[in-house]
Structure formats: structure tokens, C-alpha cells
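A short write-up of the structure that comes next.
None of the figures in this text is laboratory data; all of them are computed from the coordinates on show. Remember, it's a predicted structure, so these values are computed and weren't measured experimentally. For neighbour counting, all protein chains shown are included, and Cβ atoms are generated from backbone atoms with ideal geometry for every residue, glycine included.
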């Protein structure tokens with residue numbers, strides 16, 4: 001961020017902040033990554049909290065245990081679900097892809113086609129784009 005923009009942000013009053021929240025652009029961050037082994041590029045976007053919650057719910061099961069309902073997240077399905085949700089240039093649920101690996105959905109295809117490290121790296125990138133791992137700058141750090 002340029003010094004002019006930082007200075008402008010630091011001098012914002014409540015009314016300015018409200019206007020920015022109400023009228024400011026909500027552009028999702030994007031990134032292009034290359035999977036060298038497969039010789040393909042993937043275009044990824046950040047996911048909203050609502051999208052991540054929906055994927056989490058889809059990848060969770062509820063079971064009754066000693067009278068209480070317990071929700072269990074399938075981490076592998078969740079990771080693959082994040083990739084399906086964040087990829088903008090490939091439809092992981094394309095019937096041709098699914099048929100090639102004899103699977104029923106894009107998450108299963110990803111788990112069969114990609115290596116564990118590739119999945120982890122993609123998930124980390126998606127989480128970065130979604131605002132995780134962002135550091136919040138202290139005003140004193142910005143001024144210096």
C-alpha cells in the first residue's frame with residue numbers, strides 16, 4: 001500500500017469508514033498457480049466465510065454418541081471441497097473428469113488425481129486468499 005493511501009486510511013473518521021464499508025468494492029483476491037507435475041494452471045479465488053461454512057457443513061457428519069450429537073469433519077473431503085469451491089477455470093465436477101477416475105464428484109477426483117502435498121499447498125494458498133494468515137498491521141507500524 002502506498003504512503004498516500006496509508007495516510008488517507010489513518011485519517012479516516014467514522015463517517016468515512018461507514019461510507020467505505022457501504023460503498024467500497026468487494027473484490028475477492030485471486031491467484032494463478034501451476035501444478036508442474038500435471039502441467040496445468042489453476043486460477044484460484046478467495047472464499048467468503050459463508051462459502052467455507054457451507055463446504056464445512058457438506059463435509060461433516062453428525063452421529064449420536066452417548067445421547068449427544070457429535071459433528072465430525074472429514075478433513076480430506078474439506079480440503080478437496082475448498083479446492084473445488086475456489087477453482088475458477090476448471091469444473092472439477094465435469095463428467096469427463098469424473099468418468100476417467102470412476103468417481104462421483106470433484107472432491108473424490110481431486111483426492112485421487114492430486115498428490116497430498118499438492119492438495120495441502122493449494123489449500124494453504126486458498127486460505128491465504130481468503131484472509132487467513134493476513135497480519136493486521138498496528139497503526140504504529142504503519143506510521144514508521
Stretch gain in nm, segment residue 27-residue 41, where the contour uses 0.36 nm per residue and the Cα spacing is subtracted: 2.9 nm
Residue among 17, 90, 40 with the largest mean-square fluctuation in a Gaussian network model of the chain, springs linking Cα atoms under 10 Å: 17
Bins of 10 Å from zero: percent of alpha-carbon pairs in the chain: 10, 30, 26, 19, 12, 3
Within a Gaussian network of the chain (alpha carbon springs, distance under 10 Å), most fluctuating of 44, 22, 73: 22
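For Cα pairs less than 8 Å apart in space and 6+ apart in sequence, what is the mean separation divided by the residue count of the chain, i.e. the relative contact order in percent?
Working: 141 pairs, mean separation 32.3, N = 144.
After rounding, I find 22 percent.
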Residue with peak Gaussian network fluctuation, the chain [Cα springs, cutoff 10 Å], from 121, 11, 93: 11
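Using a 10 Å cut-off around each Cβ, can you sort 112, 56 from fewest to most neighbouring Cβ atoms?
Details: 112 12, 56 16.
Ordered from fewest to most neighbouring Cβ atoms within 10 Å, 112, 56 come out as 112, 56.
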Ranking of 92, 69 by count of other Cβ atoms within 10 Å, fewest first: 69, 92
Sum of -39500 (n - 2.57) over DSSP H runs of 4+, divided by residues of the chain (222 nm, nearest 500): -14500 deg cm²/dmol
